[in-house]
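A short write-up of the structure that comes next.
The values are calculated or read from the model by the stated rules, or taken from the named source; none is laboratory data. Quick caveat: nothing in here was measured; it's all calculated off a predicted structure. Cβ: placed from backbone, ideal geometry, glycine included. Neighbour counts: every protein chain shown. Only protein heavy atoms, including side chains, enter the accessible area calculation; ligands, DNA and RNA are left aside. Shrake-Rupley method; radii C 1.70, N 1.55, O 1.52, S 1.80 Å.
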Amino acid sequence: DSQKGEILAMVGSKDYNDPNYDGKVNVTLSLRQPGSAIKPVTYVTALKKGYTASTLLMDTPTTFPGGVGLPDYKPVNYDGKFHGPLQVRYALGNSINMPAVKTLAMVGLKEMLETAYSLGLSTLEPTTDNLKRLGLSVTLGGGEVRLLELAQAYSAFANGGLRVEPAAILKVTDKDGRVLEEKKDVPGKRVITPEQAFIISHILSDNSARLITFGERSALVVPGRTIAVKTGTTNDKRDNWTIGWTPQVVAGVWVGNNDNSSMKEVSSGVSGAAPIWRRVISAALADKVNVGFTVPEGVVTAEVDQISGFRAH
């Protein structure tokens, strides 16, 4: 539940009792690399620093110095191509790697980790160790997260910027019906502004913003529904993600092997996790009306030049 944090459904493993693939692992709590599914955290950090959905980024071959005793870093895009000038909207929507790395280089690793931690990603706390261990590749999934925490974090995009804590148990009573424990509805803590939450949700629910990578009719499109959604895949095919949300629900799916071995068949988040995610969120929304993302007062709509990202003139 995007608003309250209540866990409506959780599947921890395909079969708890199966000894052949570590069935007794709850993968919603396992540490896994999120791939590109973490990019919204980088881009919302950029929005905090005054970037907009139309800020121009250059998707061109770039080498980042590795520092003392470390190799240089040369990111590549998933499709092996470079796409030249791209606005933030299309860089995030199409999940292009190079602009995400450049954005992180410009906004700062510490600032990005601070955002991640404030959203609820406990493993990305900006500690001295994490700042030493993690580099620019963190925006492509170089730091491990938990599926449950990623769903919790992205509920802030869905509900207008509030961090809500996950709740699995609503009430406990004894045999006589006396309430021993009960969840209280407390307002979430503001971690990003309604405008920042809206821009990320608007980009990731805009099918025209992801046509380069996903095409017009991918599994990310649910007819008659406005849903923001992000996929992620790790290079070694160990982890495969799709996470999406509406103002009512957020659904996250991870696909992989419980023992962290590479998968043989699945190649991307859109072919692996997305079809499962689509069925899950469609079922969760079946009895709900279609609700779009409400435009906050501080959001400016303007016609912009397609290349420069500046206002059309």
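Might you check whether a residue that is closer than 30 Å to A302 by Cα, at pLDDT 95 or above, under 20 Å from the mean Cα position of the chain (by Cα) and open to solvent by less than 40 Å² (accessible area, probe 1.4 Å) occurs anywhere in region 4-13?
no
Considering region 44-95 alone, what residues qualify as being of a type outside the set (S, T, Y), open to solvent by 50 Å² or more (accessible area, probe 1.4 Å) and not in a loop (DSSP other than H, G, I, E, B)?
K48, L56, M58, P85
Looking at A100, is it closer than 21 Å to S201 by Cα, touching a Phe, Trp or Tyr at 6+ places or on another chain (Cβ under 8 Å) and buried (at least 20 other Cβ atoms within 10 Å of the Cβ)?
yes
Inspect region 207-215 for any residue being in contact (Cβ under 8 Å) with a residue 60 or more places away in the chain, in a helix (DSSP H, G or I), among the basic types (K, R) and in contact with a helix residue (DSSP H, G or I) (Cβ under 9 Å, 6 or more places away or on another chain) and give the result as yes or no.
yes
Filter region 290-313 for residues that are of a type in the set (S, T, Y) and under 17 Å from I203 (Cβ atoms); which is nearest to the chain's Cα centre (by Cα)?
T294
Being open to solvent by less than 70 Å² (accessible area, probe 1.4 Å) and charged (D, E, K, R): is that true of D22 here?
Answer is no for this residue.
Can you pull out every residue in region 177-206 that is part of a loop (DSSP other than H, G, I, E, B) and either modelled with pLDDT under 95 or small (G, A, S) (or both)?
Matches in region 177-206: G177, K183, K184, D185, V186, P187, G188, S205.
I'm trying to understand the selection: among the residues of region 140-159, which are open to solvent by 20 Å² or more (accessible area, probe 1.4 Å), in contact with a helix residue (DSSP H, G or I) (Cβ under 6 Å, 6 or more places away or on another chain) and assigned to a loop (DSSP other than H, G, I, E, B)?
Once the filter is applied, which keeps residues that are open to solvent by 20 Å² or more (accessible area, probe 1.4 Å), in contact with a helix residue (DSSP H, G or I) (Cβ under 6 Å, 6 or more places away or on another chain) and assigned to a loop (DSSP other than H, G, I, E, B), region 140-159 yields only E144.
So if I check each of V250, V191, V229, which one is within 20 Å of D79 (Cα to Cα) and of a type outside the set (G, A, S)?
V229
Kindly indicate whether V27 is assigned to a helix (DSSP H, G or I), among the aliphatic types (A, V, I, L, M), open to solvent by less than 40 Å² (accessible area, probe 1.4 Å) and touching a residue at least 40 places away in the same chain (Cβ under 8 Å). Break it down into steps so the answer makes sense when it comes.
Values: assigned to a helix (DSSP H, G or I): no; among the aliphatic types (A, V, I, L, M): yes; open to solvent by less than 40 Å² (accessible area, probe 1.4 Å): yes; touching a residue at least 40 places away in the same chain (Cβ under 8 Å): yes.
Criteria not met by V27.
(1) out of contact with any helix residue (DSSP H, G or I) (no Cβ under 9 Å at 6 or more places or on another chain); (2) at positive phi: which one isn't true of R133, the others all being true?
So the condition that R133 fails would be (2).
Counting just the residues of region 117-139 that are under 22 Å from V68 (Cα atoms) and aliphatic (A, V, I, L, M), which one comes out surrounded by the fewest Cβ atoms within 10 Å (Cβ to Cβ)?
Here the answer is L131.
In region 303-313, is there at least one residue being open to solvent by less than 60 Å² (accessible area, probe 1.4 Å), assigned to a strand (DSSP E or B) and charged (D, E, K, R)?
Checked region 303-313: no residue is open to solvent by less than 60 Å² (accessible area, probe 1.4 Å), assigned to a strand (DSSP E or B) and charged (D, E, K, R).
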